[in-house]
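The values are calculated or read from the model by the stated rules, or taken from the named source; none is laboratory data. What you are looking at is a predicted structure, and each value in this text was computed from that prediction instead of being measured. We place every Cβ from the backbone using ideal geometry, glycine too, and count neighbours over all the protein chains shown.
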2 protein chains.
Amino acid sequence: MTGKLYIIGLGPGDINLRTTEVCQILPHLTDLVGYAPYVERIETTSTVRRHVSDNRQELERARHALTLAEQGHIVGVISSGDAGIFAMASTVFEAIETGNPLWKQLEIIVLPGLSAMFAAAARLGAPLGHDFCAISLSDNLKPWDVILRRLRLAAEGDFVMALYNPVSRSRPWQLDAAFDLLRSLLPTSITVAFAHAISQDDENIHLTTLAEASAKMADMRTLIIIGSRYSRLIPREKAKLPWFYTPRSIKEN
Amino acid sequence: MTGKLYIIGLGPGDINLRTTEVCQILPHLTDLVGYAPYVERIETTSTVRRHVSDNRQELERARHALTLAEQGHIVGVISSGDAGIFAMASTVFEAIETGNPLWKQLEIIVLPGLSAMFAAAARLGAPLGHDFCAISLSDNLKPWDVILRRLRLAAEGDFVMALYNPVSRSRPWQLDAAFDLLRSLLPTSITVAFAHAISQDDENIHLTTLAEASAKMADMRTLIIIGSRYSRLIPREKAKLPWFYTPRSIKEN
């Protein structure tokens, strides 16, 4: 089979946060497959075919991309951020495992990208500077109990947490339930950062405490970083946000 | 003050894995500060001054960089991977918090990069496709007990784990102790990936099970990814590694 399938992470939005590797591959693709807002970000002048679909149709989309590659196309499956983090790469491999046995012979290349939490962390200071977890708050694909258990264990371990998919129209209450759980386990003075659409035109950052954190501060395009008890704020002159960082060292008592 | 300090993540090695933003800034720097092998990766033709230092001199190095910026230089503090993940960004903010009060007025810009775990995950398939933790195994900066506790909690939560700094000359036994602990908590059939020097000339990947995993398989430049009980391998034709991925969904029992 001569087709190829690239699974591509575009980074958080700003074209300057793409890797050179991704920039070099995009003009060679014959077909782009992905969630419409991500595919529309690609400003190619070639005659590439765009196959856009709604969110939550991931497995169907992955199968369509694999079928195109099987037919000899050079296909790019497009994700925002890193394709391997709560994005299309896992879905493509799930489609391969459960689908047409020929797909296992395809050339599949994953091109990593900058995930939202790193773009957000860079804007904030260095909140992910020590051990951390990334947790998706979406209970579309896993039981809510699993999410609560992971939040509890991450809090017990003093991991910094990056929360992906914090809210959506169909999941309005989960984020406040997560904050309620964490308030029962952690000092409520811990810093919480709401990083919205980092590197995009409507980028917005809001810093607050766990005590004050609320789902009203987030939408589908918000990445949330919850500090650990070791994380710190460095106040700066007025009109500038403090720097938010987690030291690399923990001193013995 | 007219100086600026950029904290720069170079990505895992291959120049094509840098962001465009990083490529654009490098020629404008007057001073590069960092661990020698990272600074030497930068092939600038300008008259940039290079200030290299040994590993484990991070705080001193950060203070030196801040002093240069205070004097009006355009300084780049260089890290491999992402500067915010077990790297120099946290150290710079620690130096700012505890150092010359003038440093709080400096312009500090963190330029994120591709951390080793994402480059490794992309080569392997999509092992970080679901909730995961990043843990540094170095007990130079934190008590070993904290590391063991975090490994235990991450195992209890079925997080996929990315282990940074798995071994060094001064830390020969910690990784095997970590594997021993995890073998007592998790199915020993779980996949463990040793990803050495990803995207560099001596890149090497070794896949094994938790039962067989050993510190002999790692060195200072190895990133280890330990699957969860939900992670899967997709066998391929001979001579090709299986794909290693973690599905995005967990079905209710």
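With respect to the stated conditions, B:W103 fails to be free of Cβ contacts under 8 Å to residues at least 40 places away in the same chain and surrounded by fewer than 19 Cβ atoms within 10 Å (Cβ to Cβ).
Just so you know, in the stretch B:1-36 the residues that are among the aliphatic types (A, V, I, L, M) and over 16 Å from B:I108 (Cα atoms) include one that is nearest to the other protein chains (Cβ to nearest Cβ), and it is B:L17. Looking across the stretch A:175-211, the residues that are without any contact (Cβ under 8 Å) to a residue 60 or more places away in the chain, crowded, with 17+ Cβ neighbours inside 10 Å and in contact with a helix residue (DSSP H, G or I) (Cβ under 7 Å, 6 or more places away or on another chain) come down to A:L175, A:A178, A:L182, A:L186, A:F194, A:L210.
Only one of the numbered conditions (1) under 18 Å from the mean Cα position of the chain (by Cα); (2) among the hydroxyl-bearing types (S, T, Y); (3) farther than 30 Å from A:P172 by Cβ is violated by A:T91, and that is (3). Residues of the stretch A:146-169 being facing chain B (nearest Cβ under 8 Å) and surrounded by fewer than 20 Cβ atoms within 10 Å (Cβ to Cβ), which ones? Of everything in the stretch A:146-169, those that are facing chain B (nearest Cβ under 8 Å) and surrounded by fewer than 20 Cβ atoms within 10 Å (Cβ to Cβ) turn out to be A:V146, A:R149, A:E156. Please go through the stretch A:219-240 and give me each residue that is under 18 Å from A:S80 (Cα atoms) and surrounded by 14 or more Cβ atoms within 10 Å (Cβ to Cβ), ordered by number. Across the stretch A:219-240, the qualifying residues are A:D219, A:R221, A:T222, A:L223, A:I224. What do you reckon, is B:T47 in contact with a helix residue (DSSP H, G or I) (Cβ under 9 Å, 6 or more places away or on another chain) and not assigned by TED's automatic domain parsing to the domain that holds B:N204? In short, no. Pairs linking a residue in the stretch B:234-253 that is touching a residue at least 24 places away in the same chain (Cβ under 8 Å) and more than 7 Å from every other protein chain (Cβ to nearest Cβ) to a residue that is surrounded by 19 or more Cβ atoms within 10 Å (Cβ to Cβ) and among the hydroxyl-bearing types (S, T, Y), with Cβ atoms under 8 Å and 6 or more positions apart or on different chains, are B:F244/B:T191; B:F244/B:S231.
Reported count of residues in the stretch A:138-152, each being under 19 Å from the mean Cα position of the chain (by Cα) and in a loop (DSSP other than H, G, I, E, B), is 5.
Identify, from the list A:V52, A:V75, A:V39, the residue that is more than 12 Å from chain B (Cβ to nearest Cβ), more than 26 Å from B:Y230 (Cβ to Cβ) and buried (at least 24 other Cβ atoms within 10 Å of the Cβ).
Of A:V52, A:V75, A:V39, the one residue that is more than 12 Å from chain B (Cβ to nearest Cβ), more than 26 Å from B:Y230 (Cβ to Cβ) and buried (at least 24 other Cβ atoms within 10 Å of the Cβ) is A:V75.
Among the residues of the stretch B:125-145, those identified as buried (at least 24 other Cβ atoms within 10 Å of the Cβ) and either basic (K, R) or over 18 Å from A:G129 (Cα atoms) (or both) are B:G125, B:A126, B:P127, B:L128, B:G129, B:H130, B:D131.
How many residues are over 20 Å from the mean Cα position of the chain (by Cα) and of a type in the set (S, T, Y) if we restrict to the stretch A:194-213? So that I can check it myself, show each step before the final result.
Applying the first criterion (over 20 Å from the mean Cα position of the chain (by Cα)) to the stretch A:194-213 yields A:208-213.
Of the ones still in play, those that are also of a type in the set (S, T, Y) are A:208-209.
Of the residues in the stretch A:194-213, 2 are over 20 Å from the mean Cα position of the chain (by Cα) and of a type in the set (S, T, Y).
Name the residues in the stretch A:89-99 that are without any contact (Cβ under 8 Å) to a residue 60 or more places away in the chain and touching a helix residue (DSSP H, G or I) at 6+ places or on another chain (Cβ under 7 Å), would you? Those that are without any contact (Cβ under 8 Å) to a residue 60 or more places away in the chain and touching a helix residue (DSSP H, G or I) at 6+ places or on another chain (Cβ under 7 Å): A:T91, A:E94, A:A95, A:I96, A:G99. Would you mention how many residues in the stretch A:140-176 are under 16 Å from B:G157 (Cα atoms) and not aromatic (F, W, Y)? Residues in the stretch A:140-176 being under 16 Å from B:G157 (Cα atoms) and not aromatic (F, W, Y): 20 in total. Residues that are modelled with pLDDT of 95 or more and among the polar types (S, T, N, Q) number at least 3 in the following strands (runs of 3 or more DSSP E) confined to the stretch B:153-253: B:204-209.
Looking across the stretch B:106-145, the residues that are more than 7 Å from every other protein chain (Cβ to nearest Cβ) and either within 19 Å of A:K240 (Cα to Cα) or touching a Pro at 6+ places or on another chain (Cβ under 6 Å) (or both) come down to B:L106, B:E107, B:I108, B:I109, B:A116, B:L137.
Taking the stretch B:1-13, which residues are modelled with pLDDT of 95 or more and assigned to a loop (DSSP other than H, G, I, E, B)? Steps first, please.
Filtering the stretch B:1-13 down to residues modelled with pLDDT of 95 or more leaves B:4-12.
Within the stretch B:1-13, B:L10, B:P12 meet the criteria.
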